[in-house]
Structures are given as structure tokens and as C-alpha cells.
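First comes the structure, then the notes that go with it.
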Amino acid sequence: MAVAAGLAAGSVSLVGFGFDSAIEVSAALVLTWRLHQERKGGCMQTSDRRATRVIAVSFVILGAYVGIESIRDLLDGARPDSSTVGIAMAALSLMVMPFLARAKRALAPALGSAAAVADAKQTNLCALLSAILLGGLAANAVLGWWWADPLAGVGIGALALVEARRTWTAESLADTCCA
């Protein structure tokens, strides 16, 4: 829904937020796969590393796309329309995601999974992106600052790339069966 609202408004930050939501779902699916592997028994270190790396790559894709498109929009002077739907989605996400991230972070040690930690980080990133997105969309809608939307997109892209690096280089948790 965020991607459609972003395309309709010409908002690169809203499209990026929508893609981040899709990545969050894919990260949850990767984590589900990893947990399914655990049910088969044996060492989980390889499965956990693979799942963590898939999540890291998803951050790279998000960061590169949103960063490049945002810089292009800034240079071209692309003026997005305001998006009430986008503002509502960003506000709702900002209220819910911090609680969800905290719950996932608390569960990760019990699972002994770096992939679960990466999934919690993805949810936390979603909360941060919600705040950035809300600021950009609101500044565009209320103040007419067209550049606030692509600038928010640059912030979203940068945060995604930082998180990609952190996730890629993350150590496996010490309490896995192979430690």
C-alpha cells in the first residue's frame, strides 16, 4: 500500500518505506526458514549465517535504490504531491514498530539466532524510517518543502546501508550449538 501511495504522490521516501516493509516481511520469512532448519536438528550456525546474510543483502538493495532515486529527485527538482495516506501510515508505523522491535530483540537470545537479532534490527530500522518519512511527508504537506521528501529518502537509504554493513559483519551468537 505504501508503494502505491508513494507512486501516486511521486514520493521516493514513501516508495522506499513501502519497499522496507516488503523487506521486513521477507526478513521474517527468512527467519521462519532458519527456525524450520533448526527443527531438522544439527548445527544451526551455517543456516543462521545464511539467513543473516540474506537480510543484509536486502538492506543493500533498499539503501541503493532509495538513495539513488532520492539524489536523482533532488537534482531534478522533482516535486512530490502531499500524501495523507502516507502520513497516516508513517504515524501508525511509528507507534507500533518500536514495541514490535523490542519484543523481537527480547526473543532473539532465547532462540540463539543472529538472524533473529537481524530481524529485530530490521523492525527497529522500520521505526526509524517511519520517523524520517513522517518528517519528510509532513514538511512537504504543511510547509511545501518539496525537497524534504527526497532528503528523507537519502536518510532512509543511508540508514539501510549502515544496517546492511552491521548485519553482514554480525557475529553469530555465542550460545548456538556450534559455539
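The values are calculated or read from the model by the stated rules, or taken from the named source; none is laboratory data. Please read all numbers here as calculations on a predicted model, not as lab measurements. Note: ideal-geometry Cβ built from the backbone for every residue, glycine included; neighbour counts use all protein chains shown.
Please state which one of ALA141, ALA160, ALA118 is over 16 Å from PHE17 (Cα atoms) and modelled with pLDDT under 90. Break it down into steps so the answer makes sense when it comes.
On the way: ALA141 fails: modelled with pLDDT under 90; ALA160 fails: over 16 Å from PHE17 (Cα atoms).
So the residue among ALA141, ALA160, ALA118 that is over 16 Å from PHE17 (Cα atoms) and modelled with pLDDT under 90 is ALA118.
Just need a number here: residues in region 83-95 that are without any contact (Cβ under 8 Å) to a residue 60 or more places away in the chain and β-branched (Val, Ile, Thr).
The number of residues fulfilling the criteria is 2.
Scan region 88-106 for residues that are crowded, with 20+ Cβ neighbours inside 10 Å and within 23 Å of LEU7 (Cβ to Cβ) and jot them down.
Answer for region 88-106, where residues must be crowded, with 20+ Cβ neighbours inside 10 Å and within 23 Å of LEU7 (Cβ to Cβ): MET89, ALA90, SER93, MET97.
Answer yes if at least one residue in region 24-46 is among the small types (Gly, Ala, Ser), over 15 Å from ALA160 (Cβ atoms), out of contact with any Gly (no Cβ under 9 Å at 6 or more places or on another chain) and at pLDDT 80 or above, and no otherwise.
Pass one, region 24-46, residues among the small types (Gly, Ala, Ser): 26-28, 41-42.
Of the ones still in play, those that are also over 15 Å from ALA160 (Cβ atoms) are 28, 41-42.
Narrowing the set further to residues that are out of contact with any Gly (no Cβ under 9 Å at 6 or more places or on another chain) leaves 28, 41-42.
From what is left, the residues that are at pLDDT 80 or above are none.
Among the residues of region 24-46, not one is among the small types (Gly, Ala, Ser), over 15 Å from ALA160 (Cβ atoms), out of contact with any Gly (no Cβ under 9 Å at 6 or more places or on another chain) and at pLDDT 80 or above, which makes the answer no.
Are there any pairs, at least 6 apart or on different chains, whose C-beta atoms fall under 8 Å, with the first in region 2-31 and over 17 Å from LYS121 (Cβ atoms) and the second among the basic types (Lys, Arg), and if so, which?
Partner pairs satisfying both residue conditions: GLY10/ARG79.
Select, from PRO98, PRO109, PRO80, the only residue that is over 26 Å from GLY10 (Cβ atoms), over 15 Å from the mean Cα position of the chain (by Cα) and in contact (Cβ under 8 Å) with a residue 24 or more places away in the chain. Steps first, please.
On the way: PRO98 fails: over 15 Å from the mean Cα position of the chain (by Cα); PRO80 fails: over 26 Å from GLY10 (Cβ atoms).
None of the other options fit; the residue is PRO109.
Is it the case that ALA90 is closer than 25 Å to ILE55 by Cα, of a type in the set (Gly, Ala, Ser) and modelled with pLDDT of 90 or more? If you could, list the steps in order and put the result at the bottom.
Working: closer than 25 Å to ILE55 by Cα: yes; of a type in the set (Gly, Ala, Ser): yes; modelled with pLDDT of 90 or more: yes.
Considered against the rule, which asks whether it is closer than 25 Å to ILE55 by Cα, of a type in the set (Gly, Ala, Ser) and modelled with pLDDT of 90 or more, ALA90 comes out as yes.
Which of the residues spanning region 62-83 are farther than 10 Å from PRO150 by Cα and buried (at least 22 other Cβ atoms within 10 Å of the Cβ)?
LEU62, GLY63, SER83
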